Each structure stands twice: as C-alpha cells, then as structure tokens.
1. Quick one, what does Rg over Rh come out to for segment 37-127 if you take C-alpha atoms and the Kirkwood Rh?
2. What FRET efficiency, computed as 1/(1 + (r/R0)^6) with R0 = 22 Å and r the Cβ-Cβ distance, is obtained for Phe55 and Thr96, rounded to the nearest 0.05?
3. Going by average Cβ density within 10 Å per residue, which order do the peptides 94-107, 39-52 take, highest to lowest?
Amino acid sequence: MRHLKNLLVLTTSVAAVVALTALPAEAAGTADRTWGKCGSGNTCLFDGRYGRYKFWTAPDCGFYDLSKMRPRLDDRLSSIRNRSDARVVLFDWDSTTGWNHVRTISPWKKANLRPHENNRVDAIEIDC
Ligand SMILES: [Ca+2]
C-alpha cells in the first residue's frame, strides 16, 4: 500500500511538471496564430485574449459608440490589435461622469486589456 501511495505521489508530481513546462509554449503558439487575424491598416476588436474571437473591425477614422451597434458591442472588449498609423483611444461610459479614458493604443500595437479594463470599453476613437 505504501509503495502504491509513493507511486501515486511520483506520478502526480511528474504530471504537474509536464503541465507546467508544456503550458507556456502552447499558449505562445496559440497567441501567434490568433493575433494574425486583422488586416494591415485595420484596427480589430476581440472578445477573447490574444486576438481570439474578433467581433468588429473599425471602418475608418472617427468615434464609435459600441453600445449603439446592433447587436450591441459594448462591455466585451478583451484584446485589440491596431494595425494602422492611427492612435486608438478606448472609453468607458459612466452615467455620472460621462466618457472616461480607459487606455490608448499606439499605432501598430496590440494589447490584452488588463483585468480592470476588461469587458468595460463602450467606445473607440480612431484618431487619424
Ligand atoms: Ca462600460
């Protein structure tokens, strides 16, 4: 019985080490494949992290209220890829304070939103 218990502990430890070493490489590979889904010159919004589940591509320069889209697209942005020369500004709407700056994405940058920014963005401005 003691032998069986030791074997179980060893097996569990090996599995944990394999899981820990396998995860980063797999995550990086997935990220590289999914971030590619945004055409050059566009700014793309994604429901998932690392550019997964694209839900909108900005059509041009300007300010877009995502709550006015049908279906609504507010409160779901988790990652963004800006493949344009424009600066992109993200806003959250508050009925008391109005439009609040969440984050600015520089030209040709991509980002996963931080936990306090995630699923909060209600508008996007393509500043060009
Ligand atoms: Ca919001």
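Computed from the coordinates by the stated procedures, all read-outs in this text should not be read as laboratory data. Since this is a predicted model, take the numbers as computed values, not measurements. Cβ: placed from backbone, ideal geometry, glycine included. Neighbour counts: every protein chain shown.
1. Reported Rg/Rh, Kirkwood definition of Rh: 0.92.
2. Numbers: r = 28 Å, r/R0 = 1.26.
The value I calculate is 0.20.
3. Packing proxy ranking, top to bottom: 39-52, 94-107.
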